[in-house]
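Down below is the structure, laid out as C-alpha cells.
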There are 2 protein chains.
Amino acid sequence: MTYCVAVKLKAGMVFLSDSRTNAGLDQISTFRKMIVYEQPGERFMVLLSAGNLSISQSIRELLQTEQLHDPGLAEPITIWNARSLFDAARVLGATVRRVYERDGEALRRSGIEFNASLIFGGQIRGEPMRLFQVYSPGNFIEATDETPFFQIGESKYGKPVLDRVLTPDTPLDDATKCLLISMDSTLKSNLSVGLPLDLAVYEAGQLRSDRVVCIDEHNRYFQSLRTAWGQKLREAFDQLDAPNWQPGGALTTCSPQHATLRKITAPGDRLL
Amino acid sequence: MTYCVAVKLKAGMVFLSDSRTNAGLDQISTFRKMIVYEQPGERFMVLLSAGNLSISQSIRELLQTEQLHDPGLAEPITIWNARSLFDAARVLGATVRRVYERDGEALRRSGIEFNASLIFGGQIRGEPMRLFQVYSPGNFIEATDETPFFQIGESKYGKPVLDRVLTPDTPLDDATKCLLISMDSTLKSNLSVGLPLDLAVYEAGQLRSDRVVCIDEHNRYFQSLRTAWGQKLREAFDQLDAPNWQPGGALTTCSPQHATLRKITAPGDRLL
C-alpha cells in the first residue's frame, strides 16, 4: 500500500510520502513516491502517487512530455510552461487518461482495476500556492482553507492528528511535525506502509526549496520525534481524569430516552 | 457503519460500542449494539455486533434460544448453561450459521453479502475471563496477552491510541479512558459512527457488573475527556522539537543509498 499526505498553509506547503510497494503480502519492495519539479524562481511542483505502480510510473514518465492543446492558445500546455497550477493539473489529468487509454482495457481483462491516486501541488510564479488531488479518471479537486490537506493510500490511521492540529495558520515547522507523526501512526499500524520517507517543505513565494530530504531508519530527527511523541502522548493520557463511577457522578449522566439498561438476566428475556 | 471495541486485561474487561446505523448516507438511525447477559455470581457476558442490522438483530434474538447438541452431553448447551465461554461462543457461532441458512441465499440474490462481525466476552464461574471475535461464517478467534483487544466496524481511526496504551497490565480505569479516546477519534473522523455509546466495565472474578452505562451528548465525563484530550494532545505536540534543517542537522541524516535527490529541473529529465 502507500501513505502520502500534503498540506497547504498560509506559510507554505508540506509534502510527505512513504516508499513501500507490495503485490500481496509476500512481495514487498521499495519505490519512492514523490517527485519534485523545480525551475528555480519560476515554478515549484510536487507529485505524490499511490495505487498501481505500473500506472503511476507510466504517469510520471509521460507527464514530462504530455501536451495539452487548448484551442485559444498557440503553444500546447505542458507542466513546464503552464501559467497556473490548475493548467498543470489538467496536464496531469490528461496524462492519467493517456495511460488509461493504453492499459485500462487490458487491466480490466485481467480483473485489475485502473487505480491511480495522485496529489499534486506547488506554486507557479504570479499565482498563489495550490494543492490538488487527482483521481483515476483524471478529474481533480483543490484544497481550500476548510480542507487544507489531502491524503492518498492508507489514510485512516494518520488522520486524527491532522484533524486536530492542521489549520491554514499552522506554521511550517508544526505542520512538518504533524505530518511526520501522522506517518508514524500509519507505519505502526499498517505493515504495507514503510520507510524511507520523502519529505518536501516549501515556503510560500520562494519558487524553490532546499528542504527536500529522504528519511530512513537512521534519521535522528524522525527517531527522536517518534520516541518523544510516544512518551508525551502517554503523559497526556495519564493526566486525564479517571472515570467517576459514583452514582450521580459525571460518567452516569444520561438522557432518559437512552437510559434503558441493556442487560438480559434470564433465558426468556428479550431486548432489542 | 459501527465501531465496537473490547479489551481483556488482568484486572477485568472493558466493552464499548457506538449506536449509529446507516443504509447509505441518507438513512441514518440509532440502534444500540451492546447487550449484557448476566446471571449474578454465575456468568457475565457481553455481545457487541457490527455488520448488517437485520442479521445482527436476528442473531441476538435467536441466541437466547439456540441449543448446541454435543454427542457426549445429556443436555443441549445454551449460553445460559455453558460451562465455558468457549462453549458459549460455539453457541453464538451456531446462531450466526442459523441466520445464514435462513437469509444467506436470499441476500446473495440481492447482491448483499452476509456480513456479521461480533465481539463476545466475559466470564463464567470456574473459568478465567475470555474474549472472542466471531466472524460471518460463525468461526471465531480468542484474544491473548499479545493481542488483548478486538475491534469491529470502523477500526482504523481509533487503533493508534489502543496500540500505544493497552497491555494486559493496564488498569481498568486507564483502559476505560483509552477506549473512550479511541471512540472519540473515530467519532471525529467517520460520520457513520455516532452517539450514544454503550460502555460496560467488568472487574475480574465479580461475575456481575454495575458499571454498565449509556453515554450520550449530555455525559459530563465524556465531554470533559474529549476536551481535555484535545488540549493535552496539543500541548504534547507543542513540546516536540521543531525540525532542524541545518546542514548536518538531525533531519538531514540519511543512508547514502537513499540520498538521491528526487528533483527534476527540466522538461527532458527523467527520474524513476
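Look at the stretch B:155-169 and say how many of its residues are more than 12 Å from the chain's Cα centre (by Cα), surrounded by 21 or more Cβ atoms within 10 Å (Cβ to Cβ) and part of a loop (DSSP other than H, G, I, E, B).
So the count comes out to 1.
Of the residues that make up the stretch A:114-124, is at least one within 26 Å of B:S155 (Cα to Cα), surrounded by 24 or more Cβ atoms within 10 Å (Cβ to Cβ) and of a type outside the set (A, V, I, L, M)?
Checked the stretch A:114-124: no residue is within 26 Å of B:S155 (Cα to Cα), surrounded by 24 or more Cβ atoms within 10 Å (Cβ to Cβ) and of a type outside the set (A, V, I, L, M).
Search the stretch A:186-212 for residues being over 23 Å from B:E154 (Cβ atoms) and hydroxyl-bearing (S, T, Y), and hand back the single one that is farthest from the other protein chains (Cβ to nearest Cβ).
Among them, the one singled out is A:Y202.
Within the set of pairs 6 or more residues apart or between chains, which connect a residue that is at negative phi inside the stretch A:61-78 to a residue that is basic (K, R) and outside any loop (DSSP other than H, G, I, E, B) with Cβ atoms less than 8 Å apart?
A:L62/A:R98; A:E66/A:R98; A:L68/A:R90; A:I77/A:R90
When the residues of the stretch A:114-129 are filtered to those that are more than 11 Å from the chain's Cα centre (by Cα) and not in a loop (DSSP other than H, G, I, E, B), which remaining residue is farthest from A:T170 (Cα to Cα)?
A:A116
Which of the residues belonging to the stretch B:220-267 are of a type in the set (G, A, S), assigned to a loop (DSSP other than H, G, I, E, B) and facing chain A (nearest Cβ under 7 Å)?
Of everything in the stretch B:220-267, those that are of a type in the set (G, A, S), assigned to a loop (DSSP other than H, G, I, E, B) and facing chain A (nearest Cβ under 7 Å) turn out to be B:A242, B:S255, B:A259.
So, in the stretch B:130-154, exactly how many residues are assigned to a loop (DSSP other than H, G, I, E, B) and surrounded by fewer than 21 Cβ atoms within 10 Å (Cβ to Cβ)? If you could, list the steps in order and put the result at the bottom.
To start, the set of residues in the stretch B:130-154 that are assigned to a loop (DSSP other than H, G, I, E, B) comprises B:135-139, B:143-148, B:154.
In the following step, the residues that additionally are surrounded by fewer than 21 Cβ atoms within 10 Å (Cβ to Cβ) were identified as B:135-139, B:144-147.
Total meeting the criteria: 9.
Any idea which of (1) surrounded by fewer than 13 Cβ atoms within 10 Å (Cβ to Cβ); (2) hydroxyl-bearing (S, T, Y); (3) within 35 Å of the chain's Cα centre (by Cα) is the one A:S224 doesn't satisfy?
Going through (1) surrounded by fewer than 13 Cβ atoms within 10 Å (Cβ to Cβ); (2) hydroxyl-bearing (S, T, Y); (3) within 35 Å of the chain's Cα centre (by Cα) one by one, A:S224 breaks only (1).
Looking only at residues in the stretch B:243-255 that are over 14 Å from A:D198 (Cα atoms) and not small (G, A, S), which one is surrounded by the fewest Cβ atoms within 10 Å (Cβ to Cβ)?
B:P247
Among the residues of the stretch B:201-214, how many are touching a helix residue (DSSP H, G or I) at 6+ places or on another chain (Cβ under 8 Å) and modelled with pLDDT under 95?
Counting residues in the stretch B:201-214 that are touching a helix residue (DSSP H, G or I) at 6+ places or on another chain (Cβ under 8 Å) and modelled with pLDDT under 95 gives 2.
For the stretch A:91-113, which positions are assigned to a helix (DSSP H, G or I), within 23 Å of the chain's Cα centre (by Cα) and not polar (S, T, N, Q)?
Going residue by residue through the stretch A:91-113, those that are assigned to a helix (DSSP H, G or I) are A:91-109.
Then drop every residue that is not within 23 Å of the chain's Cα centre (by Cα), which leaves A:91-97, A:99-100.
The answer is A:V91, A:L92, A:G93, A:A94, A:V96, A:R97, A:V99, A:Y100.
Would a scan of the stretch A:124-136 turn up a residue that is of a type in the set (G, A, S) and touching a residue at least 24 places away in the same chain (Cβ under 8 Å)?
Yes, the stretch A:124-136 has at least one match.
Count, please, the residues in the stretch A:227-242 that happen to be hydroxyl-bearing (S, T, Y) and surrounded by 13 or more Cβ atoms within 10 Å (Cβ to Cβ).
0
If B:A266 passes every condition in (1) of a type in the set (A, V, I, L, M, F, W, C); (2) more than 30 Å from A:Q239 (Cα to Cα); (3) surrounded by 13 or more Cβ atoms within 10 Å (Cβ to Cβ) but one, which one does it miss?
(3)
State whether the residues of the stretch A:63-74 include one that is out of contact with any Lys or Arg (no Cβ under 7 Å at 6 or more places or on another chain), in a helix (DSSP H, G or I) and either within 14 Å of chain B (Cβ to nearest Cβ) or at pLDDT 95 or above (or both).
Yes, there is a match, as at least one residue in the stretch A:63-74 is out of contact with any Lys or Arg (no Cβ under 7 Å at 6 or more places or on another chain), in a helix (DSSP H, G or I) and either within 14 Å of chain B (Cβ to nearest Cβ) or at pLDDT 95 or above (or both).
Which of (1) touching a strand residue (DSSP E or B) at 6+ places or on another chain (Cβ under 7 Å); (2) at pLDDT 95 or above does B:V193 not meet, given it meets every other one?
(2)
Out of curiosity, is B:L195 of a type outside the set (G, A, S), more than 23 Å from the chain's Cα centre (by Cα) and surrounded by 13 or more Cβ atoms within 10 Å (Cβ to Cβ)?
Details: of a type outside the set (G, A, S): yes; more than 23 Å from the chain's Cα centre (by Cα): no; surrounded by 13 or more Cβ atoms within 10 Å (Cβ to Cβ): yes.
No.
Can you tell me which residues in the stretch B:116-132 are over 14 Å from B:M45 (Cβ atoms) and in contact with a strand residue (DSSP E or B) (Cβ under 8 Å, 6 or more places away or on another chain)?
Matches in the stretch B:116-132: B:A116, B:S117.
Please determine whether any residue of the stretch B:173-185 is part of a loop (DSSP other than H, G, I, E, B) and within 7 Å of chain A (Cβ to nearest Cβ).
No: the stretch B:173-185 contains no residue that is part of a loop (DSSP other than H, G, I, E, B) and within 7 Å of chain A (Cβ to nearest Cβ).
Condition test on B:D198, is it free of Cβ contacts under 8 Å to residues at least 60 places away in the same chain and of a type outside the set (A, V, I, L, M, F, W, C)?
Details: free of Cβ contacts under 8 Å to residues at least 60 places away in the same chain: no; of a type outside the set (A, V, I, L, M, F, W, C): yes.
So B:D198 does not fit the description; no.
For the stretch A:27-55, give me each residue that is closer than 22 Å to A:G104 by Cβ, facing another protein chain (nearest Cβ under 10 Å) and touching a Ser or Thr at 6+ places or on another chain (Cβ under 6 Å).
Passing the criteria: A:F31, A:K33.
Please go through the stretch A:210-263 and give me each residue that is closer than 30 Å to A:A200 by Cα and of a type in the set (D, E, K, R), ordered by number.
Result: A:D210, A:R211, A:D216, A:E217, A:R220, A:R226, A:K232, A:R234.
The values are calculated or read from the model by the stated rules, or taken from the named source; none is laboratory data. Worth saying up front: this structure is predicted, and the values here are computed from it rather than measured. Virtual Cβ from ideal backbone geometry, glycine too; neighbours counted across all protein chains shown.
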